[in-house]
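Student: Okay, here's the structure, questions in a sec.
The values are calculated or read from the model by the stated rules, or taken from the named source; none is laboratory data. Owing to the predicted nature of the structure, the values given are computational and were not obtained by experimental measurement. In this analysis, Cβ positions are derived from the backbone assuming ideal geometry, glycine residues included, and neighbour counts consider all displayed protein chains.
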Amino acid sequence: SVIVRRAGDVIPEVVSVILDRRPQGTTPWQMPTRCPVCGSEIVREEGAAAWRCSGELSCPAQRKEAIAHFASRRAMDIDGLGDKYIETLVDAGIVKSVADLYRLSRDTLLHLKLVLDAEEPSALAAALKLHLPAEGSGAVLNAVLKLDGNDPGWRAQALAQPASFEWNTKKIATKWADNLIAAIDASRAATLERLLFALGIRHVGESTAKTLADWLGSLALVRRAPAALLRVLPDIGGTVAESIADFFAEEKNQIALNALLATGVAPTGEHAPKAALRERLDEVGLLAALGIPKLTEPRARQLLDGRTLEDLAFLKVFGVFGLPEALVTSLESWMAVEANREALMNLSALRRELLESLPEEAEAPQGALAGKTFVLTGTLPTMSRDAAGALIEAAGGKVSGSVSKKTSYVVAGAEAGSKLEKAEALGVTVLDEAALLALLGNPT
């Protein structure tokens, strides 16, 4: 038993435990370390209250929403795969992962349509009879008729029944199923940024996915990039970097991703890492990005004076470098963990690998808007935000999803909301569509 009070007008707060009401033989409750559904590690972001399963792609509890996001227009853009279809396919056990979408057949989709259109099992049996071969159809129909129409899951059970079909195209529309199969097939060649967004990595929206694709260039590099490397990329902070690294560190997500690639999904537009990445591979910045408590960039520079990241991985004593005592204690504690030493070694090796593959000098930014960051909000008079963003990027600019002090311009249309308010509060220049077009040289 506990005493609870209302805090902050709404939120309940546990004030204390009433120990004399505690039953004999009870044991302290321990937060589980693994998801009770899929077994993946659970993680909690620094400063957050909620613990979350890290098995985004593989966890059955997240499956329906993960698949719906994966197929959405701004992700893999599988037009025609609605929520009801996804729900029934998952409940029937036909789609257990995003990879299973690429194994769907025309027969399964047409069967699904009959199932969803039927009001009750007897109506489904009558509809199925028109498309089943005479031999062997009795077993299928009897199994359907035995289903309980009051059970909310009867449609999924019906879809799970194995059956062979001889479709009577005069009695069922098939074009939609052919179009959906074509849309699924076309999504195999989605761009890398779309695929990264589609994976549903926490905190990775379209803008972050584009940054990863632009700067790292390939899925192979993104999926093995440590948080420290991700942190030095533009507009990727510590929380986002940790979220991306945690996603790919979860073995079940890697297995699910491998299964997806095995179906023929191959992101287009992959390329070598951006040449400008060389400037961000400074050892001082990478060391500071490791998140070692109390280690600031100036102290990282002091620590690395005449040494490399790899050198540090072999040190155990840090009290001889003139560093504050609290930092020395922090460094020695951090280095005492073998996994941290390995992370430092791996970061050093990846840095060396990237430097060897990158050109010595980055190409100068091209375009009238090179080096400028834009945020789009509200409804523009004559073009969509997607179209405006494409024009900005074609002129060398960058489109971000959030406003900060680093934002160059906010392009605001009708019904602009909090982004416009934040821009005004920060003193960021606000443009309308006409002003944006003027910056672009009035492209047609």
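Student: Show me the helices (runs of 4 or more DSSP H) entirely contained within the range 350-444 in which 3 or more residues are surrounded by fewer than 19 Cβ atoms within 10 Å (Cβ to Cβ) and under 30 Å from the mean Cα position of the chain (by Cα).
Tutor: 385-394, 418-426
Student: Pull out all pairs, ordered by first then second residue, where Cβ-Cβ is under 8 Å, the residues are six or more apart or on different chains, the first lies in the range 266-284 and is over 23 Å from E297 (Cα atoms), and the second is at pLDDT below 95 and surrounded by fewer than 16 Cβ atoms within 10 Å (Cβ to Cβ).
Tutor: A272/S357; P273/S357; K274/A362; A275/P359; A275/E361; A275/A362; A275/E363
Student: Which residue pairs have Cβ atoms under 6 Å apart, sit 6 or more places apart or on different chains, and have a first residue in the range 5-16 that is hydroxyl-bearing (S, T, Y) and a second that is in a strand (DSSP E or B) and at pLDDT below 75?
Tutor: none
Student: What's the total number of residues in the range 1-49 that are out of contact with any Phe, Trp or Tyr (no Cβ under 8 Å at 6 or more places or on another chain), part of a loop (DSSP other than H, G, I, E, B) and either of a type in the set (A, V, I, L, M) or within 20 Å of K252 (Cβ to Cβ) (or both)?
Tutor: The total comes to 13.
Student: Between residues in the range 86-114 that are without any contact (Cβ under 8 Å) to a residue 40 or more places away in the chain and residues that are in a helix (DSSP H, G or I) and acidic (D, E), which pairs lie under 6 Å by C-beta distance while being six or more apart or on different chains?
Tutor: Pairs that qualify, where the first residue is without any contact (Cβ under 8 Å) to a residue 40 or more places away in the chain and the partner is in a helix (DSSP H, G or I) and acidic (D, E): there are none.
Student: Of all residues in the range 218-239, which are in contact with a helix residue (DSSP H, G or I) (Cβ under 8 Å, 6 or more places away or on another chain) and either in the same structural domain as I78 (by the TED database) or of a type outside the set (A, V, I, L, M) (or both)?
Tutor: Within the range 218-239, S218, R223, R224, P226, R231, P234, D235, G237, G238 qualify.
Student: Kindly list the number of the only condition in (1) assigned to a helix (DSSP H, G or I); (2) farther than 18 Å from V284 by Cα; (3) under 34 Å from the mean Cα position of the chain (by Cα); (4) not aromatic (F, W, Y) that fails for T329.
Tutor: (3)
Student: Looking at A158, A134, A139, can you tell me which residue is outside any loop (DSSP other than H, G, I, E, B) and surrounded by fewer than 19 Cβ atoms within 10 Å (Cβ to Cβ)?
Tutor: None of the other options fit; the residue is A139.
Student: Tally the residues that are closer than 18 Å to T379 by Cα and among the β-branched types (V, I, T), restricting the search to the range 397-428.
Tutor: 4
Yes/no per residue for (1) outside the structural domain of P226 (by the TED database); (2) of a type in the set (A, V, I, L, M); (3) touching a residue at least 24 places away in the same chain (Cβ under 8 Å):
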site	(1), (2), (3)
G291	yes, no, yes
T296	yes, no, no
D311	yes, no, no
L315	yes, yes, no
P324	yes, no, yes
T329	yes, no, no
V337	yes, yes, no
A343	yes, yes, yes
R352	yes, no, no
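Student: Please go through the range 106-119 and pick out each residue that is aliphatic (A, V, I, L, M) and either buried (at least 18 other Cβ atoms within 10 Å of the Cβ) or under 22 Å from the mean Cα position of the chain (by Cα) (or both).
Tutor: Passing the criteria: L109, L110, L112, L114, V115, A118.
Student: Related question: Return the pairs, sorted by first residue and then second, in which the second residue is acidic (D, E) and part of a loop (DSSP other than H, G, I, E, B), the first residue lies in the range 393-420 and is outside the structural domain of V240 (by the TED database), the beta carbons are less than 7 Å apart, and the residues are 6+ apart or on different chains.
Tutor: Sorted first by the residue in the range 393-420, then by its partner, the pairs are S400/D235; A412/D432.
Student: Restrict the check to the range 255-272 and report whether at least one residue is assigned to a helix (DSSP H, G or I) and either farther than 25 Å from I201 by Cα or in contact with a strand residue (DSSP E or B) (Cβ under 7 Å, 6 or more places away or on another chain) (or both).
Tutor: no
Student: Output the residues belonging to the range 50-105 that are within 14 Å of the chain's Cα centre (by Cα), among the basic types (K, R) and assigned to a loop (DSSP other than H, G, I, E, B).
Tutor: Result: R74, single match.
Student: In the range 161-182, which residues are surrounded by 11 or more Cβ atoms within 10 Å (Cβ to Cβ), part of a loop (DSSP other than H, G, I, E, B) and among the small types (G, A, S)?
Tutor: Across the range 161-182, the qualifying residues are A163, S164.
Student: Quickly run through the range 1-53 and pick out the residues that are touching a helix residue (DSSP H, G or I) at 6+ places or on another chain (Cβ under 7 Å) and small (G, A, S).
Tutor: Within the range 1-53, S1, S40 qualify.
Student: Another question, then. Could we say that R22 is modelled with pLDDT of 95 or more and basic (K, R) here?
Tutor: Judged against the criteria, R22 is not a match.
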